Every structure is written in C-alpha cells, then in structure tokens.
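**Student:** Shown below is the structure under consideration.
The values are calculated or read from the model by the stated rules, or taken from the named source; none is laboratory data. These numbers were taken from a predicted model, which means no experiment stands behind them. Note: ideal-geometry Cβ built from the backbone for every residue, glycine included; neighbour counts use all protein chains shown. SASA here: full protein model, heavy atoms, side chains in, ligands and nucleic acids out. Shrake-Rupley method; radii C 1.70, N 1.55, O 1.52, S 1.80 Å.
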Amino acid sequence: MDKAKRKAVIAGNWKMNKTPKEATALLNAITPLVKDADCEVIACVPYVDLAAAIEATAGTNVKIGAENCHWAESGAFTGEISTGMLKEIGVEYVVLGHSERRQYFGETDETVNKRTKAALAAGLKPIVCVGELLWERECDITEEVIARQIKLDLWDVSEEELKNVVIAYEPVWAIGTGKTATADQAEEVCAFIRAQLAKLYNQAAADAVTIQYGGSMNDGNADELLSKTDVDGGLIGGASLVAEKFAAIVAAASK
Ligand code: PGA
C-alpha cells in the first residue's frame, strides 16, 4: 500500500451467503471491531440483504456495496437490478465483472464495461474485477489477458470517473481455492495494472487508483500482501464471513 498516494480499501464479497437476519448479525459483530480502521471498509452483500445491511451499518464507518447491477435504467430485464434502485436505498459500491459472473453467468468485458459506465453515471463506485485463469497463467499470457480486460472494462471511462473506480486483481485460480498468489505475484500484476492505467490515462491518474488483491486473502496472509507497494487493499470472500478474520484484515490495512 502507498497510503500517501491512494486510499486503502478492504471489501468483503459475501457472494450468495447470509439471509437478511444473518447479515444483520454479522454486521453487528463486524462494526465494533473495525470502528477505528484507517482504511475504507466495505461489505458487498446479496441484493435482498442490502436494506438490512444499510440499517445495521448506519452511523458506522462500514460502507455497503452490491454484487452486480444492470446498465439500463429500467425495462424488460427480468431478474436484474438497476443502479437507480441501488442508489435510492443508499448503496455506495458495486462489484462488477467478478470471475464467477464471467464464468457462470456469461459476463463479458463488453457487459462489464456497460455496467461500469452505468454505475459511474449513477454515482456508484464500481469495484471492477480482473484476473487470469490458471491455464492462461500457465500459457504465460497473464499480462495480455489483464491488459485486454483493463482496456475493455474501462473503455470510455473518463479520467474524472476513474477517481471513483476501484480495481480488484483476482487471479481466478486463487479464488475460493485456498491457493493465494504469493505477495510477489500479486505485486507484479497490480503494478502491471497500474502501468496499463498510466498508458491509458496518465501516471498521476494511475497512481491515485486503489488496486486490490483478491483470492484466498485471509488474516494470516493479509499483512504480507498489503506490504506490497501496489496492493492497496483486498476483496475478501470466505474470510469476510467471519467477523474476527475480516477485522484482522482491516487491522492489517490500517497499519
Ligand atoms: P475468496 O474470494 O477470498 O473466498 O478466495 C475472493 C473473491 O472472490 O472476491
């Protein structure tokens, strides 16, 4: 982390876990543990948990995010949720392009880009996820894959809008597998992402962007990952569902 240049952000990605009642209980456990955090703390929760989560975190330093949004304002899109719906209830962040959405629900860089632009236009802060598959890493094309995702996912996003974008580098082979990228591997790709942003925008704009690492980040490895210059935080799956573990990662980012 380089806190002189950018904000450290720790975000939980709850995925399809916790009912509204369980969400309230988990957030009631988390909020007192992270109240003195020196970083941004976010919980991204299932749609039906959002209202309960916003209520449970009112008056605290924990922000609430959704796990996706559609790009249209309204219309015939059965099962989708618009940015306006999220905004109206007080959602601040939204995870976009998570590898599980890409893998299981047909998300493409084009739809990630549309969602990103819609989120920004509505005043939501997107956490845009990028990352290579194991096979792509083995074929030594990690940089090509990441460069393509960054360029396409942020297509037509202005320098001004970029200030509200968080990028999460999540190697797909490390998600939910217990197989964390080494701190050096995480740093290498996060630094590469920043270099791409510098090419697409400029160095100052790139330096200001928070780039998280995600993929089996936990209370045991957070310190080392976050000690790297270009790793500005974490997008946490499994460990975000256990208050003490999530709080320990927040504490590591607060140093
Ligand atoms: P994990 O998930 O921490 O359970 O690996 C991370 C993510 O998918 O955001």
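**Student:** Can you pull out every residue in segment 61-82 that is hydroxyl-bearing (Ser, Thr, Tyr) and open to solvent by 50 Å² or more (accessible area, probe 1.4 Å)? Can you show your working first?
**Tutor:** The first filter runs over segment 61-82 and keeps only residues hydroxyl-bearing (Ser, Thr, Tyr), leaving 74, 78, 82.
Hits for segment 61-82 are Ser74, Thr78.
**Student:** State which residue pairs qualify: first residue farther than 14 Å from Ser158 by Cβ and inside segment 193-208, second residue assigned to a helix (DSSP H, G or I) and among the acidic types (Asp, Glu) in any location, beta carbons under 9 Å apart, and separation of 6 or more residues or different chains.
**Tutor:** Arg194/Asp207; Gln196/Glu143; Ala198/Asp207
**Student:** Given the criteria open to solvent by less than 60 Å² (accessible area, probe 1.4 Å), within 16 Å of the ligand (Cβ to nearest atom), touching a helix residue (DSSP H, G or I) at 6+ places or on another chain (Cβ under 8 Å) and more than 12 Å from Val128 (Cα to Cα), does Glu107 qualify? Write out each step before concluding.
**Tutor:** Values: open to solvent by less than 60 Å² (accessible area, probe 1.4 Å): yes; within 16 Å of the ligand (Cβ to nearest atom): yes; touching a helix residue (DSSP H, G or I) at 6+ places or on another chain (Cβ under 8 Å): yes; more than 12 Å from Val128 (Cα to Cα): yes.
In short, yes.
**Student:** Please verify whether Leu50 is closer than 15 Å to Ser240 by Cα and either away from the ligand (no atom under 16 Å from the Cβ) or under 20 Å from the mean Cα position of the chain (by Cα) (or both), treating the condition exactly as stated.
**Tutor:** Values: closer than 15 Å to Ser240 by Cα: no; either away from the ligand (no atom under 16 Å from the Cβ) or under 20 Å from the mean Cα position of the chain (by Cα) (or both): yes.
No, not satisfied.
**Student:** Looking at Ala51, Ala43, which one is open to solvent by less than 70 Å² (accessible area, probe 1.4 Å) and closer than 17 Å to Ala239 by Cα? Outline the logic, then answer.
**Tutor:** Details: Ala51 fails: closer than 17 Å to Ala239 by Cα.
The unique qualifying residue is Ala43.
**Student:** Look through Gly106, Gly65, Gly75 and report the one residue that is in a strand (DSSP E or B) and either under 25 Å from Met1 (Cβ atoms) or free of Cβ contacts under 8 Å to residues at least 60 places away in the same chain (or both).
**Tutor:** Working: Gly106 fails: in a strand (DSSP E or B); Gly75 fails: in a strand (DSSP E or B).
Residue meeting the stated conditions: Gly65.
**Student:** Which residue is nearest to the ligand (Cβ to nearest atom), if the candidates are limited to segment 83-104 and must be buried (at least 19 other Cβ atoms within 10 Å of the Cβ) and among the polar types (S, T, N, Q)?
**Tutor:** Ser99
**Student:** Applying the selection to segment 178-223, what residues are more than 16 Å from Arg137 (Cα to Cα) and of a type in the set (D, E, K, R)?
**Tutor:** Arg194, Lys199, Asp207, Asp219, Asp223
**Student:** When Trp173 is evaluated against the numbered criteria (1) modelled with pLDDT of 95 or more; (2) within 16 Å of the ligand (Cβ to nearest atom); (3) out of contact with any strand residue (DSSP E or B) (no Cβ under 9 Å at 6 or more places or on another chain), which criterion, by number, is the only one it fails?
**Tutor:** So the condition that Trp173 fails would be (1).
**Student:** I want to confirm something. Restricting to segment 176-198 and keeping residues that are open to solvent by 60 Å² or more (accessible area, probe 1.4 Å) and not charged (D, E, K, R), which single residue is farthest from the ligand (Cβ to nearest atom)? Give the steps one after another, and end with the answer.
**Tutor:** Quick first cut of segment 176-198, residues open to solvent by 60 Å² or more (accessible area, probe 1.4 Å) only: 176-179, 182, 184, 188.
So of that shortlist, the ones also not charged (D, E, K, R) come out as 176-178, 182.
Working: Gly176: 4, Thr177: 7, Gly178: 8, Thr182: 15 Å.
Ranking the qualifying residues of segment 176-198, first place goes to Thr182.
**Student:** Also, I was wondering about something else. What number of residues within segment 199-255 are open to solvent by 20 Å² or more (accessible area, probe 1.4 Å), more than 15 Å from the ligand (Cβ to nearest atom) and assigned to a helix (DSSP H, G or I)?
**Tutor:** Adding up the residues that qualify gives 9.
**Student:** Then there is this: If Ala23 satisfies every condition in (1) without any contact (Cβ under 8 Å) to a residue 40 or more places away in the chain; (2) open to solvent by 20 Å² or more (accessible area, probe 1.4 Å) but one, which is the exception?
**Tutor:** Failing condition for Ala23: (2).
**Student:** In segment 158-183, which residues are among the β-branched types (Val, Ile, Thr), under 22 Å from Ala8 (Cα atoms) and part of a loop (DSSP other than H, G, I, E, B)?
**Tutor:** Scanning segment 158-183 gives Val165, Ile175, Thr180, Thr182.
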